[in-house]
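**Student:** One structure is given below, represented as structure tokens, and several questions about it will come after.
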Amino acid sequence: MSASKGLFNLFFGVPPSVPLRHRRMYYVALIGFFLALLLHSSWLVAFSLLGIYPLAYFNILSVAIFVLGLYLIRSRGLILSMMLLGSFEVLVHQTLAVYLMGWDYGFQFYVIVIASFICLGHFRNLAIPLGVAAFSGLLFILLYFVVQHLAGEHYVLAEPIRAAFFAMNCSVLFFQLTIFAFLFSAAARNAELELKNEHEKSERLLLNILPRSVAERLKAGEEQIADNYNEVSVLFSDMVGFTSLSLERKPEEVVQIMNSYFAAFDELAVQHGVEKIKTIGDAYMCAAGLPTHQPDHAILIGRMAVDMLAASKRITAELGLPTGIRIGICSGPVSAGVLGNMKFVYDIWGDTVNMASRMETSAPHNAIQVAESTYNLLKGDFPMQRRGRMKVKGRGEADVYLIGEPEPGQSIR
């Protein structure tokens, strides 16, 4: 296995000096030079046997150029310079071959290979490949007039040999163009696949921080997103004893503990159709009734709270932690929108949000405390208990209630 892998790396491995954006060009240059080496080696033998020594001598130089080019491409990553050198060699070689042997052997068609070969390079300045391609086309036309009208054939070969050269050159041309087209197509498919994967990754990241409907509006070009909602239920939760816990544990342990809670809460949010708003330290905030209206928003958030409390108790017992959570809920109107230009965040604000936060901070350990507005929407569907009147910062005195936990086997409607 190691021998085959080493052989593969010898021929196809990309040197570390070749940047990722040049990988396609690397393979184009490597394959192009390898094919050119085989072709010019065969020509060297053929021209030597036929006694066409000017072309035989030139092909000795050609073979040396392509051997050196393969070495420099593989070892040094010199791709662009070798592509230009290889293109120059082919143009000179086919010009000399057409001048000495005539138009009927097919050597002139290699200008087409050069035009496709050089345009597959990753040149910073497009004038270079386009200039070489244009020069190849002009040379093709010039050779036609020079050979057909001004120069005669210096070497006249038998018809079977001429036909063999023409067939071989046309076949090689077709083969090389097919390979270059395949490399270009493969590179395009890979780029499209990578683009699709990156797009999907960006979509997932965007949906992790924004509701889907809000993300769609943002992608559609809506620059400022701000909405008012009349019927929303907002939930805040906070870990009890988190400060002392964070002082006693290593940072990575604290992150693992918080992630255990928040991962469970995220799953519950999806399960109950509740929109996660954000986390702030050990606090978790979510809401029901936005960005899509939900008539049963209070019931959804109530179920979320009950399951969050159960999940918290389970995780606390599993991890052996001296902690718990407090949960506060309030229902009413809120405003919501996307904030920030560089790092988007979907946030909500208003008196309902403030009241939900007050409900959480004043809630007993491992309890769900709700404002009267939420109680009026939940009574009859949840076991409720009036806690009494309580002084709420910024609101004066207000009636507050606790959601009781369901009895074993009892389900909340």
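**Student:** Which of the residues spanning the range 212-251 are under 24 Å from ASP296 (Cβ atoms) and among the polar types (S, T, N, Q)?
**Tutor:** Once the filter is applied, which keeps residues that are under 24 Å from ASP296 (Cβ atoms) and among the polar types (S, T, N, Q), the range 212-251 yields SER213, ASN228, ASN230, SER233, SER237.
**Student:** Only one of these conditions is not met by GLU192: (1) free of Cβ contacts under 8 Å to residues at least 24 places away in the same chain; (2) over 30 Å from VAL113 (Cα atoms). Which number is it?
**Tutor:** Looking at each condition in turn, GLU192 falls short on (2).
**Student:** For the range 214-266, name all the residues that are exposed (fewer than 12 other Cβ atoms within 10 Å of the Cβ), polar (S, T, N, Q) and in a helix (DSSP H, G or I).
**Tutor:** Result: THR243, SER244, ASN259.
**Student:** Any residue in the range 96-120 that is closer than 13 Å to VAL172 by Cβ and hydroxyl-bearing (Ser, Thr, Tyr) sitting within a Cβ distance under 9 Å of a residue that is open to solvent by less than 10 Å² (accessible area, probe 1.4 Å) and assigned to a helix (DSSP H, G or I)? List the pairs, counting only those 6 or more apart or interchain.
**Tutor:** Partner pairs satisfying both residue conditions: TYR105/ALA97; TYR105/VAL98; TYR105/ASN169; TYR110/HIS93; TYR110/GLN94; TYR110/ALA97; TYR110/SER136; TYR110/ASN169.
**Student:** Do you know which of the residues in the range 179-189 that are open to solvent by 70 Å² or more (accessible area, probe 1.4 Å) and free of Cβ contacts under 8 Å to residues at least 24 places away in the same chain is nearest to PHE107 (Cα to Cα)? Don't jump to the end; show me each part of the working.
**Tutor:** Step one: of the range 179-189, the residues open to solvent by 70 Å² or more (accessible area, probe 1.4 Å) are 182, 184, 189.
Imposing the further condition that a residue be free of Cβ contacts under 8 Å to residues at least 24 places away in the same chain reduces the set to 182, 189.
On the way: PHE182: 23, ARG189: 33 Å.
Looking at residues that are open to solvent by 70 Å² or more (accessible area, probe 1.4 Å) and free of Cβ contacts under 8 Å to residues at least 24 places away in the same chain, I get PHE182.
**Student:** Of the residues that sit in the range 353-364 and are among the aliphatic types (A, V, I, L, M) and in a helix (DSSP H, G or I), which one is surrounded by the most Cβ atoms within 10 Å (Cβ to Cβ)? It would help to see each step written out before you state the result.
**Tutor:** From the range 353-364, those among the aliphatic types (A, V, I, L, M) are 353, 355-356, 359, 363; that's our starting set.
From what's left, in a helix (DSSP H, G or I): 353, 355-356, 359.
Numbers: VAL353: 22, MET355: 28, ALA356: 31, MET359: 27.
The qualifying residue surrounded by the most Cβ atoms within 10 Å (Cβ to Cβ) is ALA356.
**Student:** Inside the range 365-391, can you point out the residues that are touching a Gly at 6+ places or on another chain (Cβ under 8 Å), open to solvent by 30 Å² or more (accessible area, probe 1.4 Å) and not hydrophobic (A, V, I, L, M, F, W, C)?
**Tutor:** Listed by number, the residues that qualify are HIS365, ASN366, SER373, ASP381, PRO383, GLN385.
**Student:** Looking only at residues that are within 19 Å of ALA215 (Cα to Cα) and out of contact with any Lys or Arg (no Cβ under 8 Å at 6 or more places or on another chain) in the range 280-292, which one is surrounded by the most Cβ atoms within 10 Å (Cβ to Cβ)? Let's see the steps before the verdict.
**Tutor:** First, pick out the residues of the range 280-292 that are within 19 Å of ALA215 (Cα to Cα): 286-292.
Then keep just the ones that are out of contact with any Lys or Arg (no Cβ under 8 Å at 6 or more places or on another chain); that gives 287-292.
Numbers: ALA287: 30, ALA288: 27, GLY289: 24, LEU290: 25, PRO291: 19, THR292: 12.
Within the range 280-292, the match that is surrounded by the most Cβ atoms within 10 Å (Cβ to Cβ) is ALA287.
**Student:** Hey, another quick one. Limited to the range 333-352, what total is found for residues that are among the hydrophobic types (A, V, I, L, M, F, W, C) and surrounded by 14 or more Cβ atoms within 10 Å (Cβ to Cβ)? Please lay out each step first, then the result.
**Tutor:** Taking the range 333-352 first, the residues among the hydrophobic types (A, V, I, L, M, F, W, C) are 334, 336, 338-339, 342, 344-345, 348-349.
Now restrict to residues that are surrounded by 14 or more Cβ atoms within 10 Å (Cβ to Cβ): 334, 336, 338, 344, 348.
Counting residues in the range 333-352 that are among the hydrophobic types (A, V, I, L, M, F, W, C) and surrounded by 14 or more Cβ atoms within 10 Å (Cβ to Cβ) gives 5.
**Student:** Let me ask something else about it. Can you find, within the range 34-89, the residue that is most open to solvent (accessible area, probe 1.4 Å) among those that are closer than 18 Å to VAL18 by Cα and not in a helix (DSSP H, G or I)?
**Tutor:** Per the criteria, the residue is LEU78.
**Student:** How about the range 60-94: which of its residues are hydroxyl-bearing (Ser, Thr, Tyr) and at pLDDT 85 or above?
**Tutor:** Taking the range 60-94 and keeping what is hydroxyl-bearing (Ser, Thr, Tyr), we get 62, 71, 75, 81, 87.
The answer is SER62, TYR71, SER81, SER87.
The values are calculated or read from the model by the stated rules, or taken from the named source; none is laboratory data. Keep in mind the model is a prediction, meaning the values are calculated, not measured. When we count neighbours, we look across all protein chains shown, and the Cβ atoms used for this are built from the backbone with ideal geometry, even at glycine. Only protein heavy atoms, including side chains, enter the accessible area calculation; ligands, DNA and RNA are left aside. Shrake-Rupley method; radii C 1.70, N 1.55, O 1.52, S 1.80 Å.
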